[in-house]
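Each remark here refers to the structure printed beneath this line.
The values are calculated or read from the model by the stated rules, or taken from the named source; none is laboratory data. For clarity, every value in this text was computed on a predicted model and none was experimentally measured. Here the Cβ positions follow ideal geometry from the backbone for every residue, glycine too, while neighbour counts run over all protein chains shown. Note: accessible area is taken over every heavy atom of the protein model, side chains too, but ligands, DNA and RNA are not part of it. Shrake-Rupley method; radii C 1.70, N 1.55, O 1.52, S 1.80 Å.
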Amino acid sequence: MSTQTDTTSRPEPAAQVPPRLRMTGISKRFGAVRAIRHADLTVRPGTVHALVGENGAGKSTMIKILAGVESADTGKVEVDATPASIRGASDALTLGIATVYQEPQLFAELTVSENIFIGRELRRGVQVDWAAQNAQVVDVLDLLGLPARVATATVADLPIATQQQVSIAKALIGHARILILDEPSAILTDAEIDVLFSVVRRLVDSGVSVIYISHRLDELFRIADEVTVMRDGATIGTYPIQDLSVRKVAELMVGGILTQERAVRAPTQDTPALELAGLGLLGSFHDVDVTVRPGEVTGLYGLVGSGVSEIAACVYGIHQATSGSITLDGRQVRPKSPGHAKRLGIALLPANRKKEGMFSFQSIAFNISAGHLDLLSKGRIWVDRAAERAVARDLIKRLSVKTPNERQFIGAMSGGNAQKVVLARQLVARPKVLVLTEPTQGVDIGAKEEIHKIIAELAADGTAVLVVTSDLPEALRVADRLIVVRGGTTTVEFGPDATQVDVLAAAAGHEESGAPSMSSGDPS
């Protein structure tokens, strides 16, 4: 893919034209967490301005402030050189600021026209003026390159790419001058991304300013005019796209090459405990090759929309693969359900502990024993509560869970300690393969270090561990081998000497990431 900026379709805006948007000295704190320390953002009229940074850099908070979802603690916002006060989403819309999120925010059972005008219907007397609404929608759809018949189509009947264009049309009906696109390509195919970019170019040609947020750095060189980089809650700088490369953006995002000391492990045996060969799930991922040996931590890293979470779900039987094979201890298996995967010796730590991993109003002991009642029941009639408490106390001690006792409600615990309890459940019946998805998501730095230590101890004890994470420093810290997933397939494998810059560049599509492609087998 080319990394040259496509500037042929629109002229360079005049330098003397005032900025469409200027945010200066923005800061935001959530309790003890300082999400933004000091950030500035200047966006010119009729341009695509990319905002990039690692997870936690502050870009999402910056956008929420602009969209009126959050209020800044300090700083100023100007729109078209006029001071702006954004106290809520309605203020943002009045100023012509609209946000299109990764997942279309539409009502599937309504028509496109109904979705676009919902809450602001055009009326003739007390009746909705459907003809006038449809006429306005047709005009906007024409700007986006969509046929007039889409106006009366039901949203559920439209492809996801068209639904996203409808979300953009909804913003334009509100006379958006600043359009925020938050990870717009994460759920799109390559062909659909081409359509999206065509729409974006039409919008900037009409004078709309687009703020484009994406982890896929290669995309920036197809669509962006300027790039603002955020790191650790501050803006590092704003750069013309022609002065950058994928690697340079990656270096700015991570602050150079970061290394952390960690123990060097060797697998306890050569035979893989888990092997995925050509694994695929129609519409999600394909040709995935992964091996995990006993005593080894293999990392699976990918950006938003890469397919990594779906791979983990297939291994645990949540989804059934449509191609390829899963081999466990040399025997091909096909997990049909989570229960079946558990019986095979596979355990999964879910990414969203609150929704998928814990019973908030139950005790630690209950949460640890859930799913293992067959091991803790007498004669398979009732649960041996004494055994349940003993198992819980043992795992509380092993994982250093901070709690008065095993009767504590998990919902009252800190995020890090709650995560340890959810992890403890996976260790009741010692698994052959432990799949950890986003194992430290939403926990503080101290708890993160403790969980990393637990992962290392599990591997040292002979467990095969597969860590699926979008946290790159974490992936590099815990994994003996790191496999990058991009575009729904495994692409590059890194050893223990990998750097953040190399891995991030590979995940974003840089062809000279410094590591061999898995498919080529090139050892250089």
Roughly how many debye, to the nearest 20, is the charge dipole of the chain about its Cα centre, given +1 on each Lys and Arg Cβ, -1 on each Asp and Glu Cβ, and no other charges?
2040
Which percent of Cα pairs goes in each bin when the distances of the range 262-366 are cut into 10 angstrom slices starting at zero?
14, 41, 33, 13, 0
Once you mark the GluC sites (Glu not before Pro) that are in a DSSP loop and have at most 16 other Cβ atoms within 10 Å, what is the longest gap between them in the chain?
262-510
Any chance you could run the full-extension gain for TYR239 through THR152? It's 0.36 nm times the residue separation minus the Cα-Cα distance, nm to one decimal.
27.1 nm
Quick check: net charge around HIS319, other residues with Cβ under 12 Å of its Cβ, Lys/Arg +1 and Asp/Glu -1?
+1
Charge-dipole axis of the chain as Lys and Arg at +1 and Asp and Glu at -1 on Cβ define it, positive-most pick from VAL478, THR291, VAL249
VAL478
Added length on full extension, which subtracts the Cα-Cα distance from 0.36 nm per residue, GLU356 to ASP129
77.2 nm
With Kirkwood's inverse mean 1/r over C-alpha pairs for Rh, give me the Rg to Rh ratio of the range 44-109, two decimals please.
0.99
Most to least accessible of HIS215, HIS38 (protein chains only, probe 1.4 Å):
HIS38, HIS215
Amide H contacts under 5 Å for VAL492, restricted to residues at least 5 apart in sequence or on another chain and with H modeled in the peptide plane, are VAL484, MET518
Choose one of GLY46, CYS314, PRO147: the residue whose Cα lies farthest towards the positive end of the charge dipole of the chain (beta-carbon charges +1 Lys, Arg; -1 Asp, Glu; about the Cα centre).
CYS314
In the range 363-429, trypsin sites (Lys or Arg not before Pro) in a DSSP loop with at most 14 other beta-carbon atoms within 10 Å:
ARG380, LYS402, ARG407
Exposed-loop cut sites defined as chymotrypsin sites (Phe, Trp or Tyr not before Pro) in DSSP loop states with at most 16 other Cβ within 10 angstrom; longest site-free run of the chain spans 108-358
Taking 8 Å as the Cα distance limit and 6 or more residues as the minimum spacing, I'd like the relative contact order of the chain as a percentage.
15
Using only protein heavy atoms and a 1.4 Å probe, report how much of ARG29 is accessible, in Å² to the nearest 10.
100
Sequence neighbours fewer than 8 away in the same chain don't count; with that in mind, list the aspartates and glutamates whose C-alpha is under 17 Å from LYS248.
GLU54, ASP218, GLU219, ASP225, GLU226, ASP502, GLU511, GLU512
Which trypsin sites (Lys or Arg not before Pro) in the range 43-94 pass both tests, a DSSP loop state and at most 12 other beta-carbon atoms within 10 Å?
ARG87
Below 10 angstrom from the Cβ of ALA250, what's the summed charge of the other residues (Lys, Arg +1; Asp, Glu -1)?
-1
Of all DSSP beta bridges in the chain, what percent run antiparallel (nearest 5)?
55
Just report the Cα centroid separation between the range 137-159 and the range 353-371, whole Å.
45
Solvent-accessible heavy-atom area per residue, rounded to whole Å², over the chain at 1.4 Å
45
Round to a whole angstrom and tell me the spacing of the C-alpha centers of the range 281-329 and the range 48-122.
35
Give me a comma-separated list of calculated 3J(HN,Hα) values for the range 466-483, in order, Karplus coefficients 6.51, -1.76, 1.60 applied at θ = phi - 60°, integers in Hz, x for any Gly or Pro.
10, 9, 9, 8, 9, 8, 5, x, 5, 4, 6, 6, 9, 8, 7, 10, 10, 10
Can you pull the percent of the range 298-445's accessible area that's carbon plus sulfur, 1.4 Å probe, other chains left in place?
53
Length gained when the stretch TRP382-SER325 is fully extended (0.36 nm per residue, less Cα-Cα span):
16.7 nm
Might you work out the accessible area of ASP374 for me, using a 1.4 Å probe with all protein chains in place, and round it to the nearest 10 Å²?
80
Testing the spin-label approximation: label points 7 Å from Cα along Cα→Cβ at ASP139 and GLN332. State their distance in nm.
6.1
Taking the Cα atoms only, what angle lies between the long axis of helix 190-205 and the longest principal axis of the chain, rounded to 10 degrees?
30
In terms of Cα to Cα distance under 19 Å, which aspartates and glutamates are near enough to LYS453, apart from those fewer than 8 places away along the same chain?
GLU261, GLU296, ASP394, GLU438, ASP444, ASP461, ASP471, GLU474, ASP480
Given a cut-off of 31 Å, name the pairs among LYS402/LYS432; LYS76/LYS170; LYS76/LYS355; LYS342/LYS448 whose C-alpha atoms lie farther apart than that in the structure shown.
LYS76/LYS355
